[in-house]
Structure formats: structure tokens, C-alpha cells
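Reviewing the structure listed below.
The values are calculated or read from the model by the stated rules, or taken from the named source; none is laboratory data. All values derive from a computational prediction rather than experimental measurement. Don't worry about glycine lacking a Cβ; one is built from the backbone with ideal geometry, like all the others, and counts go over all protein chains shown.
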Amino acid sequence: MTAAPVLDDYREVAPAGTVDFLRRLSERVRGRSCLHVSATTTASGVAEMLHRLVPLLEDAGVRASWQTLPADPPFAAAAKVLHGCLQGGDGHLDDEMLEAYREGTRRAARELLVDGDIVICHDPAVAGLVEVRPPEGVWVWRCHADVSQPQRRAWSFLRQFVVKYDAAIYSLPRFAQRLPIPQFLIYPAIDPLSDKNRELSATEIDATLERLRVPRDKAILLQVSRFNRFKDPLGVIEAYRIVKKREDCRLVLVGSGDSADPEGEALEAEVKEAASHDRDIHVLELEAEARVEVNALQRAATIVLQKSTREGFGLTVAEAMWKGKPVVGGFAGGITKQIIYDVTGYTVNSVEGAAFRIRQLLGDAALRDKIGRDAREFVRHNFLITRNLGDLLALMALLLRA
Amino acid sequence: MSKSFHFMGCWELREMLGRRAFDERELVDGIEEVPLECIYMHTHAHFLRHKYIAGPYPNDFATWAAIQVRDRVLGEKLAVLDPFEFVDLNAVRAELISLIDDHLRSMQTVPRVVFGEPFEFMQSRTLEVPTGIKVRTLAEFRDALAGGVDISVIYYHVIAARRHKNRRHGDFAGWLRHELGEEALATQIERLSPYGLSLEGIRGRLVAACDAALGKRTAGTVAT
């Protein structure tokens, strides 16, 4: 991994005046310490975000650090089931798992030095550490998961820890729970300088698409998502077929089977079956590390789709918008926070709605350009990592009364 | 020597109150009971969430009714409400309640979210941040507004300032009038209504007004 960017690197991409303003804001918490604790340093969106955010906090004058839980397979297995149950999954959380979670937390507390002016524990796996919090310092639970419809037993178990924090942060209002502590809303954000979002040259884009065997001879419709029912890849294929009767285009579906979804494999097979009869449908299974590839595909796309019927925040929408693409998204979750209807894209409620908007956009290059431009500016002001940094600095200042 | 103008900005954190409305009756009940800070968050502070593009409706209540409940009629009725026309937040609250009550009286059933999201009552926790940028002349003022200052500066001096009795017309007009003697420009800026604009839109109007004033002066100088 290349060295993480510093704050000044964002002058070119953040709104005018933002970097200087963040430095001013950071003066209120300069020299204070902020410890992040997460389950792992790899293979998760949280880790990806912290890899970039922690160096930026340091650059802003905060003594920032990041610790992860020690390896502990029984604890990790229990935490995974807990996480799934909190997200409303079908898993079963038994007493043995709850004890493994408690024991793992106690062990982690013995091995870690969890100390700071402010300690931010990310996600349910780390929540239990609050049991051993020292008297000093402010503790915040940062929930990235969709806990809007949790299994009752799982939430009751977790709640006993959460109420011992000084505050909680959620990514969407509907994730918030009835709690006696302040609950803040902080939207996720994308890093415009990461491999997934940085500018790419035309040569890089061409070479990447050639390698992926996606010709650029006609308009490209793209959806990047796990093969999960809620992301509705079959609905996307249906919408493409309606459009295809009148407009020549390709459909590229980028994803992978969803191991958390028992129906994932079956769905993937259905998607592949549907695609096997049409040479203009490309189903690409890419590794999580294929960030440049996703970037190139998004930049090469004419229209990006995120036709979810249920969604967490859906940051792939902001990624595409940042690349100046019109997005047609399902009316679900955080997609409605990113797409201002008819201004920065279109939200739709049906296959037919998606087909209608795709056709409209394919037939109107000026509309695509206008929506793409506004979409990029909307992301610049609302969903870049610089805004996330500001939220954290402001939260520190507020909670530390700095 | 005129006193310099020091630009202040702010950063908004959104705190959820843990109260939700799934239908319009619950919305009006909530509006009646939440702290005034919450009314402020969903009307005036709406601008902080629409820095570049004005939202489809100018406050969160109208946006929710029209987009999430899909009750365009209530959305439109609430959209007409200009929070800057009211003496205080209690008056804004009373008008909101009256508008929604009237609307509900005309309905057979209470509209509620079916496919959309519930309304989440929130309040702003806003931190004031000095930008360190000070200006002494109209030209410096114009240049700082045009490019150098964070967009929250516009919110702080044009929107947030109006909450305070002695800053009813925002902070810019008073400084332009009393420190620079720019009476006409000050009056023009006092009359600028933020309603329906984004913060960038307001910035654009302010810069255009300054340009016009500076242009007139330059033209006048050349003529003499």
C-alpha cells in the first residue's frame, strides 16, 4: 500500500477553503489523543477508512492511534454471528457464543492499552471493551452496521455495553436505537485519492477494460455490488433487457458471491445463467483488492446503477457520482441521501422505473453531463473523507469541551 | 481606519433525538414537543446540508412529506414557509403545526410512509470556528467571499446570525454600512433572501452585489 496522503493533498479535490478550515477546527483539539479500536486492520470497509483517516487526524495535530483486537478464533466467530444477528440475519446466537464474546473481550482488555482522551470503538465486535474503561477519557461507540432491525436477543446483549459509552455514532438515522446516551449521525465518506477513486488516465482505463475484456464500442451500464437479493442484480438484467430493445448497450455486473447470504450462490448462478445468453452482459467477479479495476469500470460507464431494494449506505453511489456519472439507484437506505431526484441522479422503485430512466439518460447526453457535474459537486461537499475528518474533529471538540 | 471584518465559520454535528415520525400526525406531535433547537435544525440549518445545490424543498419537513411520504400537497404547503419571515422559532413552530393540522383536517386518512423512511427528529450541535481571514476593504471582502473562505462562513454570517436580535439582517450589511460607508450595498444585502437558495447560491449573489458596487466605483473613477 502506498503512503497515505496528508491533508494538503486534498486541496485540489475538497471544496475551496476546506483544508484551511479543517486546520482551524483542529486547533481546538490539537495535542489531544484519539484512539480507534477495531476488530482487524484488513479486509473491511472500516479498516480501509481508518487506514486513511488516522494519518489525517495526526496531520491535523491530534495524537491519533489505532489498535486492533488480538487474534482469538472463538471470539471472532462469536462476534461474526453477533454482527449478523444485529443486522437482522438468520444466525443463532447461543449462550456459548455470548460467553466466548465476553471472554474474548476480557482477554483483549488485558492485552491492549486502551487509553486516550477519546476512545472510539468500531462496531459490535469491539463494543464490549467499554467494560474495562478507565475513569478518564470519553468513550464513543461507532456503529457502521445496519442495526435497524436486529434480532432482539442480540441487541439486548449488545445494549448492556453500548449504554456505558458517552456517545454513539451511526451512519444513517434509521440505525439509531432508543438509548440514554447522545447519538450522532455521521455519514460514511469516500477517499478521492484512493485507488478506487483517484483520477485515471484514458490509457489506464482503456488498458484495464481490455484486460477485463469489456469492449467500449457501445454505452456501458454498470452495477458494482455483491450478488445479494437486496442488490437486485436480476432486476438490473431485466431493466437492461427492456432498454436493449431500443438502445444498443452493454451491461457489466461486478460482484462476488455473498458468503453472508445463504442464497448468494444460487443467485450468482441465476445471474450467470441470465448472462450466458447475451454477449453484451458481462459478469465479472473481482477480488476486494481490485480497486483500480472498479475505478476504471466506473469511469468507463455511461450510467451507473445501484438498484438495491434494501441498502445500508451504499457508498458505491458516491463513488460513481464522484466520477461524474449519472446514477440510477433504488429508493432505499442511504441511496436517497446521496441522490437528489432529477438533480444528482434518479431513485427508482421498479424495474420499469430503472429502464425508463436509463433510456432517458442514454438518449440525452446533455442531461447526463449536467447530472454528472452536479453529482460530483454534491459528493465534493458532502461525502469526501475531508468531511468525515471534520466531523471527527468537531465531535472531539464537543465531547472534550475543547 | 475602518475595523476589519473577521470571517467566522462553523461545523455542524447532527444529534439524533431518538424520536421518529412514521405518519403526518406523529410529525405534527413531534414538532409540538421537540426542543426549539430541533425546529432550527430542520428549517434554518437545512442550508448546511445544501451547500452546493438547493434541496428540492427548502426545509426537512417539506422534503420528508413530499419525498418519503409522497404527499406532494403537504410538501408544497410546507415548502412555502419561509423561516426568515418569522420573529422567532416559536412562531415557526406554530406555523408548521397550523399548516399540518389544516392539511390533516382535509384528509380522510393520515398519510404515512409506506416505502420511504420515517422522519428523524434531530438537533444541530454547531461549533464556531474562526477562519483567521480578516478583510478591511470591499475588494478584499469580495475576494475572500469569492474563493478563499469555507462555505460555512456564508451560513454563519447570513443564516445563523439572524437568530440574534442585534444581527437580524446578518453580519455583512452592518459592517459594510458602518465601517465602509457602503449604504446602498448594505441595503441590497439586507434584502437578499436566502429562501430557496443553496449556500453557494447565496455566495454567488453576494459576490455579484460586491462586483456591481466595485464596478460602479471604477466606472465612476474613470468618468471623472
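Please work out if A:Val328 is outside any loop (DSSP other than H, G, I, E, B), more than 14 Å from chain B (Cβ to nearest Cβ), within 23 Å of A:Ser171 (Cα to Cα) and touching a Leu at 6+ places or on another chain (Cβ under 8 Å). Judged against the criteria, A:Val328 is a match.
The set of residues from segment A:375-402 being touching a helix residue (DSSP H, G or I) at 6+ places or on another chain (Cβ under 9 Å) and facing chain B (nearest Cβ under 8 Å) comprises A:Glu377, A:Phe378, A:Arg380, A:His381, A:Asn382, A:Gly390, A:Leu393, A:Ala394, A:Ala397. Looking at this structure, is B:Arg25 within 12 Å of chain A (Cβ to nearest Cβ), over 21 Å from B:Phe86 (Cα atoms) and touching a helix residue (DSSP H, G or I) at 6+ places or on another chain (Cβ under 8 Å)? So B:Arg25 fails the test.
When we screen B:Leu180, B:Leu192 for residues that are touching a helix residue (DSSP H, G or I) at 6+ places or on another chain (Cβ under 8 Å), assigned to a loop (DSSP other than H, G, I, E, B) and without any contact (Cβ under 8 Å) to a residue 40 or more places away in the chain, the only hit is B:Leu192. For segment B:1-22, a residue qualifies if it is over 19 Å from B:Met122 (Cβ atoms), in contact with a Leu (Cβ under 9 Å, 6 or more places away or on another chain) and within 14 Å of another protein chain (Cβ to nearest Cβ), and the qualifying residues are B:Phe7, B:Gly9. Taking (1) crowded, with 17+ Cβ neighbours inside 10 Å; (2) assigned to a loop (DSSP other than H, G, I, E, B); (3) in the same structural domain as B:Ala62 (by TED's automatic domain parsing); (4) not β-branched (Val, Ile, Thr) in turn, B:Leu99 satisfies each apart from (2).
Considering B:Leu127, B:Leu145, the condition of being out of contact with any Asp or Glu (no Cβ under 6 Å at 6 or more places or on another chain), within 11 Å of chain A (Cβ to nearest Cβ), in a strand (DSSP E or B) and touching a residue at least 60 places away in the same chain (Cβ under 8 Å) is satisfied by B:Leu127 alone.
What about A:Val214, is it in contact (Cβ under 8 Å) with a residue 40 or more places away in the chain, in a loop (DSSP other than H, G, I, E, B) and of a type in the set (A, V, I, L, M)? So A:Val214 passes the test. For segment A:116-141, a tally of residues being part of a helix (DSSP H, G or I) and of a type in the set (Asp, Glu) returns 2.
With respect to (1) within 12 Å of another protein chain (Cβ to nearest Cβ); (2) surrounded by 21 or more Cβ atoms within 10 Å (Cβ to Cβ), the lone exception for B:Asn59 is condition (1).
Give B:Ala66, B:Ala79 a once-over and let me know the one that is small (Gly, Ala, Ser), more than 30 Å from A:Met396 (Cβ to Cβ), buried (at least 16 other Cβ atoms within 10 Å of the Cβ) and touching a Leu at 6+ places or on another chain (Cβ under 9 Å).
After applying the criteria, what remains is B:Ala66.
Residues that are modelled with pLDDT of 95 or more, over 22 Å from the mean Cα position of the chain (by Cα), in the same structural domain as B:Arg25 (by TED's automatic domain parsing) and over 22 Å from A:Lys337 (Cα atoms) are absent from segment B:84-91 altogether.
The residue pairs whose first member lies in segment A:341-357 and is without any contact (Cβ under 8 Å) to a residue 40 or more places away in the chain, whose second member is surrounded by 15 or more Cβ atoms within 10 Å (Cβ to Cβ) and of a type in the set (Asp, Glu), and whose beta carbons are closer than 8 Å, counting only pairs six or more residues apart or on different chains, are A:Val343/A:Asp374; A:Thr344/A:Asp374.
The residues in segment A:348-366 that are of a type in the set (D, E, K, R) and either loosely packed, with under 15 Cβ neighbours inside 10 Å or not in a helix (DSSP H, G or I) (or both) can be counted, and the count is 2. Taking the criterion of being crowded, with 22+ Cβ neighbours inside 10 Å, within 14 Å of the chain's Cα centre (by Cα) and not charged (D, E, K, R), would at least one residue in segment A:290-307 satisfy it? There is at least one residue in segment A:290-307 that is crowded, with 22+ Cβ neighbours inside 10 Å, within 14 Å of the chain's Cα centre (by Cα) and not charged (D, E, K, R). Residues that are assigned to a loop (DSSP other than H, G, I, E, B), in contact with an Asp or Glu (Cβ under 8 Å, 6 or more places away or on another chain), free of Cβ contacts under 8 Å to residues at least 60 places away in the same chain and more than 14 Å from every other protein chain (Cβ to nearest Cβ) do occur in segment B:152-174, at least one of them. Checked against the criterion of being acidic (Asp, Glu) and either surrounded by 14 or more Cβ atoms within 10 Å (Cβ to Cβ) or within 30 Å of A:Asp9 (Cβ to Cβ) (or both), segment A:213-230 has no qualifying residue.
Scanning segment A:347-372 for residues that are more than 22 Å from the chain's Cα centre (by Cα) and more than 22 Å from A:Ile237 (Cα to Cα), we see that the one that is farthest from the other protein chains (Cβ to nearest Cβ) is A:Ala365. When the residues of segment A:168-186 are filtered to those that are farther than 24 Å from A:Leu98 by Cβ and more than 9 Å from chain B (Cβ to nearest Cβ), the one that is surrounded by the most Cβ atoms within 10 Å (Cβ to Cβ) is A:Ile169. Scanning segment A:142-167 for residues being more than 14 Å from every other protein chain (Cβ to nearest Cβ) and either touching a strand residue (DSSP E or B) at 6+ places or on another chain (Cβ under 7 Å) or not in a loop (DSSP other than H, G, I, E, B) (or both) gives a total of 11.
Each residue in segment B:27-58 was checked for being in a helix (DSSP H, G or I) and in contact (Cβ under 8 Å) with a residue 40 or more places away in the chain, and 16 pass.
Would a scan of segment A:20-40 turn up a residue that is part of a helix (DSSP H, G or I), buried (at least 20 other Cβ atoms within 10 Å of the Cβ) and more than 14 Å from every other protein chain (Cβ to nearest Cβ)? Looking for residues that are part of a helix (DSSP H, G or I), buried (at least 20 other Cβ atoms within 10 Å of the Cβ) and more than 14 Å from every other protein chain (Cβ to nearest Cβ), one finds none in segment A:20-40, hence no.
The helices (runs of 4 or more DSSP H) found wholly in segment A:225-314 and carrying at least 1 residues that are in contact with a Lys or Arg (Cβ under 6 Å, 6 or more places away or on another chain) and at pLDDT 95 or above occupy A:233-244, A:291-300.
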